[in-house]
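A short worksheet on the structure shown next.
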Amino acid sequence: LAGLTELMRALPQAQLIAGATDVGLWITKQHQRFDHIIYLGQVAELKRIHRTDQEVQIGAAVTLAQSLEVLEDLAPDLGTLLHRFGSRQVRAQATLGGNIANGSPIGDLAPALIALGATLHLLGPNGEHTMALEDFFIDYGNQDLATGEIIRMIGVPTQDHEYFHCWKVSKRFDQDISAVCGAFNLQLDNGTITSARIAFGGMAGTVQRARQCENALVGKSADCSALDPGAKALQQDFAPITDARASADYRMHTARGLLERYLRTISGKAPDLLYPASATPVLSAHG
């Protein structure tokens, strides 16, 4: 890590890569060229997973496949989401830090990690500091990462996940980019919502918390009686766009639908919905 810091100080404009699942496309499809590229995949400190009593600490260069088991153990719904992330080959290459640093507004992991209360540990010329993941995304294509600074680690709290759920809505079940991804994490006291963390992808220029919706839910019963005030507040949180994946109206209706599904799920009133574990074909030993 010390060697990386020195190299970045000498080459502050270098493009960092780990899995290169996005940067590779910038080069092959957009024909971008970089004077210097720094590969992070051999930096041991960025490839560690460490668990404390308070959080799971995942190095920025840990691949999605490598992080799957620990994240699935932490929050089963997050494991389900990761199984739908790209293809098996992409999950074996793409890294947790790269996915976050890319800052895609339709990323799947960021909404879930924000709802779980994840933090980023950033390392740069002036030392290390920590920030809440939701504060990292400033605007479309703009993340709070200074020149010469890297994501060293992602910290995911190990507590208060009993009512965490997340869902991805896309045209294909597997190997597709979300139209909307919603993640929900409430704390309850005798059936009353005492705190809320709700985040969406695909609803704004960045992945974003639904703070008005969160405020509207606190103090309400954790059932569908909270749907109308929560859904009205979502309209204050987001003004989604229409693009090739979905219309603005579809996105708003989907966000409301995911909120309803969540409230029905935690109140035990959700219908039994059957989804395949994966639409990816599994080859037999004989092909």
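The values are calculated or read from the model by the stated rules, or taken from the named source; none is laboratory data. What you see is a predicted model, and the numbers here were worked out from it, not measured in a lab. Positions of Cβ are backbone-derived with ideal geometry, glycine not excepted, and every protein chain shown enters the neighbour counts.
Please note which strands (runs of 3 or more DSSP E) are completely contained in segment 153-226 and include at least 3 residues that are over 20 Å from Pro76 (Cβ atoms). Per the criteria, 192-201. Applying a threshold of 6 Å to beta carbon distances and a minimum spacing of six or more residues, or different chains, the list of pairs starting in segment 189-214 at a residue that is among the β-branched types (Val, Ile, Thr) and ending at one that is part of a strand (DSSP E or B) reads Ile193/Leu186; Thr194/Gln187; Ile198/Phe184; Thr206/Phe137; Val207/Phe137; Val207/Gly201. Remark: Thr80 falls outside the filter, which requires a residue to be surrounded by fewer than 19 Cβ atoms within 10 Å (Cβ to Cβ) and more than 18 Å from Leu113 (Cβ to Cβ). Counting only residues that are surrounded by fewer than 17 Cβ atoms within 10 Å (Cβ to Cβ) and either of a type outside the set (A, V, I, L, M) or more than 21 Å from the chain's Cα centre (by Cα) (or both), segment 39-71 holds 12 of them. Considering segment 62-85, and only residues there that are in contact (Cβ under 8 Å) with a residue 12 or more places away in the chain and out of contact with any helix residue (DSSP H, G or I) (no Cβ under 9 Å at 6 or more places or on another chain), the residue that is nearest to Gln159 (Cα to Cα) turns out to be Leu74.
Every residue, every condition in (1) over 30 Å from Gly86 (Cα atoms); (2) at pLDDT 95 or above, yes or no:
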| residue | (1), (2) |
| --- | --- |
| Val180 | no, yes |
| Ser225 | yes, yes |
| Pro229 | yes, yes |
| Asp237 | no, yes |
| Pro240 | no, yes |
| Tyr250 | no, yes |
| Lys269 | yes, no |
| Leu273 | no, no |
| Leu283 | no, no |
